[in-house]
Amino acid sequence: MIPDEAIPRASKVLQHAEFRPCSLPQKCWHTPGNMDRASPTAAMHFHWGSPEALLLFKKSNFFPRLTNLSVDPDSALNPRIVLASNRKYLPEPDPVSGFCAFLPQFYPVRVPSAPCILEAQAFQFLRQDEDPRYYSYWISQMSYVGSYIEEKGRLDLNKVEDRSRNLYQDIFHRKAGVKMAIANYRKAYEDSRSGSTGQP
(Lines give C-alpha, C1' and ligand atoms only; values in the text may rest on other atoms or scores of the structure.)
Protein backbone atom coordinates (compact mmCIF):
# COMPACT_ATOMS: atom_id res chain seq x y z
CA MET A 1 0.00 0.00 0.00
CA ILE A 2 1.70 3.18 -1.21
CA PRO A 3 0.65 6.85 -0.95
CA ASP A 4 -0.53 7.77 -4.44
CA GLU A 5 2.15 10.37 -5.02
CA ALA A 6 4.90 7.92 -4.01
CA ILE A 7 4.09 5.27 -6.65
CA PRO A 8 6.68 6.56 -9.19
CA ARG A 9 9.42 6.73 -6.56
CA ALA A 10 8.56 3.26 -5.22
CA SER A 11 8.71 1.94 -8.78
CA LYS A 12 12.22 3.32 -9.27
CA VAL A 13 13.39 1.85 -5.96
CA LEU A 14 12.10 -1.60 -6.92
CA GLN A 15 13.67 -1.47 -10.36
CA HIS A 16 16.96 -0.48 -8.75
CA ALA A 17 16.56 -3.58 -6.54
CA GLU A 18 16.26 -5.62 -9.76
CA PHE A 19 12.56 -6.36 -9.68
CA ARG A 20 11.39 -6.78 -13.26
CA PRO A 21 8.60 -4.65 -14.75
CA CYS A 22 5.92 -6.75 -16.44
CA SER A 23 7.05 -7.76 -19.94
CA LEU A 24 3.66 -9.10 -21.13
CA PRO A 25 1.08 -6.67 -19.74
CA GLN A 26 -1.59 -7.66 -22.27
CA LYS A 27 -1.59 -11.24 -21.00
CA CYS A 28 -0.74 -10.67 -17.34
CA TRP A 29 -3.42 -11.33 -14.75
CA HIS A 30 -2.18 -8.37 -12.67
CA THR A 31 -2.64 -5.79 -15.43
CA PRO A 32 -5.27 -3.10 -14.66
CA GLY A 33 -8.37 -3.63 -16.76
CA ASN A 34 -8.02 -7.40 -16.98
CA MET A 35 -11.65 -8.52 -17.04
CA ASP A 36 -10.85 -11.95 -15.62
CA ARG A 37 -10.01 -10.53 -12.22
CA ALA A 38 -12.45 -10.59 -9.30
CA SER A 39 -10.25 -8.38 -7.11
CA PRO A 40 -8.87 -4.85 -7.53
CA THR A 41 -5.72 -4.47 -9.59
CA ALA A 42 -2.52 -2.78 -8.46
CA ALA A 43 -1.34 0.54 -9.84
CA MET A 44 1.94 -1.15 -10.79
CA HIS A 45 3.42 -4.61 -10.42
CA PHE A 46 6.78 -6.31 -10.72
CA HIS A 47 7.79 -9.93 -11.21
CA TRP A 48 10.50 -12.05 -9.65
CA GLY A 49 9.17 -15.41 -10.74
CA SER A 50 6.07 -16.99 -12.21
CA PRO A 51 3.40 -16.34 -11.06
CA GLU A 52 4.93 -14.40 -8.14
CA ALA A 53 4.52 -10.64 -8.31
CA LEU A 54 5.05 -7.64 -6.06
CA LEU A 55 1.99 -5.37 -6.23
CA LEU A 56 1.88 -1.63 -5.53
CA PHE A 57 -1.59 -0.43 -4.57
CA LYS A 58 -2.63 3.21 -4.31
CA LYS A 59 -3.60 4.13 -0.78
CA SER A 60 -6.58 6.13 -2.04
CA ASN A 61 -8.13 2.97 -3.51
CA PHE A 62 -8.24 1.15 -0.16
CA PHE A 63 -7.76 3.62 2.69
CA PRO A 64 -8.95 7.01 1.37
CA ARG A 65 -9.70 8.33 4.87
CA LEU A 66 -6.48 7.16 6.51
CA THR A 67 -4.33 10.28 6.62
CA ASN A 68 -1.05 9.03 8.06
CA LEU A 69 0.62 5.69 7.46
CA SER A 70 3.38 6.25 10.01
CA VAL A 71 1.41 6.92 13.19
CA ASP A 72 3.01 5.59 16.38
CA PRO A 73 0.82 2.59 17.30
CA ASP A 74 0.72 3.63 20.97
CA SER A 75 0.13 7.33 20.39
CA ALA A 76 -3.67 7.22 20.70
CA LEU A 77 -6.39 5.32 22.51
CA ASN A 78 -7.68 4.06 19.17
CA PRO A 79 -4.57 3.47 17.04
CA ARG A 80 -5.16 3.22 13.33
CA ILE A 81 -1.74 1.72 12.55
CA VAL A 82 -0.16 -1.07 14.59
CA LEU A 83 3.07 -3.00 14.49
CA ALA A 84 2.68 -6.32 12.70
CA SER A 85 4.43 -7.96 15.66
CA ASN A 86 2.04 -6.55 18.28
CA ARG A 87 0.16 -9.53 19.71
CA LYS A 88 -2.26 -7.29 21.52
CA TYR A 89 -3.83 -6.67 18.10
CA LEU A 90 -2.80 -9.75 16.09
CA PRO A 91 -3.17 -13.45 16.98
CA GLU A 92 -0.54 -15.85 18.17
CA PRO A 93 1.04 -18.12 15.53
CA ASP A 94 -1.43 -20.58 14.01
CA PRO A 95 0.24 -23.58 12.32
CA VAL A 96 -3.01 -24.44 10.50
CA SER A 97 -3.82 -21.13 8.83
CA GLY A 98 -0.31 -19.73 8.72
CA PHE A 99 -1.65 -16.30 9.71
CA CYS A 100 -0.12 -14.70 12.78
CA ALA A 101 1.69 -11.74 14.17
CA PHE A 102 5.22 -11.23 12.88
CA LEU A 103 8.05 -12.39 15.08
CA PRO A 104 9.42 -9.46 17.15
CA GLN A 105 12.95 -9.87 15.78
CA PHE A 106 11.76 -9.14 12.24
CA TYR A 107 12.19 -5.67 10.76
CA PRO A 108 9.31 -3.55 12.19
CA VAL A 109 6.38 -3.39 9.79
CA ARG A 110 3.28 -1.27 10.34
CA VAL A 111 -0.16 -2.45 9.26
CA PRO A 112 -3.68 -1.00 9.55
CA SER A 113 -5.48 -2.05 12.71
CA ALA A 114 -8.47 -4.40 12.43
CA PRO A 115 -10.99 -1.57 13.09
CA CYS A 116 -9.30 0.50 10.40
CA ILE A 117 -9.43 -2.42 7.96
CA LEU A 118 -13.14 -3.06 8.63
CA GLU A 119 -14.00 0.59 8.06
CA ALA A 120 -12.01 0.67 4.82
CA GLN A 121 -13.65 -2.55 3.60
CA ALA A 122 -17.12 -1.30 4.47
CA PHE A 123 -16.47 1.93 2.56
CA GLN A 124 -15.72 -0.11 -0.56
CA PHE A 125 -19.37 -1.18 -0.77
CA LEU A 126 -20.22 2.41 -1.65
CA ARG A 127 -18.08 1.96 -4.78
CA GLN A 128 -19.74 -1.20 -6.04
CA ASP A 129 -21.76 0.72 -8.60
CA GLU A 130 -18.43 1.60 -10.23
CA ASP A 131 -17.31 -2.02 -10.52
CA PRO A 132 -19.64 -4.71 -9.10
CA ARG A 133 -17.13 -7.43 -10.00
CA TYR A 134 -15.41 -6.79 -6.69
CA TYR A 135 -18.49 -7.31 -4.52
CA SER A 136 -17.55 -10.87 -3.49
CA TYR A 137 -13.94 -9.82 -2.95
CA TRP A 138 -14.83 -7.34 -0.21
CA ILE A 139 -17.18 -9.85 1.41
CA SER A 140 -14.32 -12.36 1.55
CA GLN A 141 -11.96 -9.73 2.99
CA MET A 142 -14.40 -8.92 5.78
CA SER A 143 -14.77 -12.64 6.41
CA TYR A 144 -11.00 -12.81 6.86
CA VAL A 145 -11.21 -10.23 9.63
CA GLY A 146 -13.95 -12.27 11.29
CA SER A 147 -12.21 -15.63 11.15
CA TYR A 148 -8.65 -14.43 11.71
CA ILE A 149 -9.03 -11.44 14.03
CA GLU A 150 -12.38 -11.57 15.83
CA GLU A 151 -12.47 -15.31 16.49
CA LYS A 152 -8.97 -15.04 17.97
CA GLY A 153 -10.17 -12.36 20.38
CA ARG A 154 -8.20 -9.50 18.82
CA LEU A 155 -11.04 -7.36 17.42
CA ASP A 156 -12.52 -4.61 19.59
CA LEU A 157 -15.75 -3.73 17.81
CA ASN A 158 -16.21 -0.72 20.10
CA LYS A 159 -13.35 0.90 18.18
CA VAL A 160 -15.10 0.50 14.81
CA GLU A 161 -17.24 3.46 13.77
CA ASP A 162 -20.98 2.79 14.04
CA ARG A 163 -21.90 2.37 10.36
CA SER A 164 -19.08 -0.06 9.61
CA ARG A 165 -19.64 -2.00 12.83
CA ASN A 166 -23.34 -2.41 12.03
CA LEU A 167 -22.57 -3.63 8.50
CA TYR A 168 -20.06 -6.16 9.79
CA GLN A 169 -22.37 -7.45 12.52
CA ASP A 170 -25.36 -7.60 10.18
CA ILE A 171 -23.44 -9.84 7.79
CA PHE A 172 -21.17 -11.93 9.98
CA HIS A 173 -23.25 -12.09 13.15
CA ARG A 174 -26.23 -12.91 10.93
CA LYS A 175 -28.38 -10.00 12.02
CA ALA A 176 -29.50 -9.28 8.45
CA GLY A 177 -29.05 -10.57 4.92
CA VAL A 178 -26.17 -9.24 2.85
CA LYS A 179 -28.32 -7.07 0.57
CA MET A 180 -30.21 -5.57 3.51
CA ALA A 181 -26.98 -5.01 5.44
CA ILE A 182 -25.41 -3.11 2.56
CA ALA A 183 -28.61 -1.12 1.98
CA ASN A 184 -28.65 -0.14 5.66
CA TYR A 185 -24.99 0.86 5.51
CA ARG A 186 -25.50 2.94 2.37
CA LYS A 187 -28.48 4.72 3.94
CA ALA A 188 -26.56 5.42 7.16
CA TYR A 189 -23.67 6.81 5.14
CA GLU A 190 -25.95 9.03 3.03
CA ASP A 191 -27.79 10.23 6.14
CA SER A 192 -24.47 11.16 7.77
CA ARG A 193 -23.45 13.17 4.72
CA SER A 194 -26.72 15.09 4.83
CA GLY A 195 -26.11 15.86 8.50
CA SER A 196 -29.09 13.97 9.87
CA THR A 197 -27.11 11.64 12.16
CA GLY A 198 -24.10 13.71 13.17
CA GLN A 199 -21.68 10.99 12.00
CA PRO A 200 -18.41 12.26 10.45
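The values are calculated or read from the model by the stated rules, or taken from the named source; none is laboratory data. Every value quoted in this text rests on a predicted model; they were computed, and no experiment measured them. Backbone-built Cβ (ideal geometry, glycine too); neighbour counts: all protein chains shown.
Results, tabulated for the structure shown:
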quantity	calculated
Output for segment 9-37, where each listed residue is closer than 16 Å to residue 56 by Cβ, of a type in the set (A, V, I, L, M) and modelled with pLDDT under 85	none
Checking residue 141 against (1) in a helix (DSSP H, G or I); (2) over 19 Å from the mean Cα position of the chain (by Cα); (3) within 20 Å of residue 91 (Cβ to Cβ), the condition it does not meet	(2)
Restricting segment 104-137 to residues that are in a loop (DSSP other than H, G, I, E, B) and among the polar types (S, T, N, Q), the residue that is modelled with the lowest pLDDT	128
Among the candidates 101, 84, 53, residue that is surrounded by 14 or more Cβ atoms within 10 Å (Cβ to Cβ), at pLDDT below 85 and touching a His at 6+ places or on another chain (Cβ under 6 Å)	53
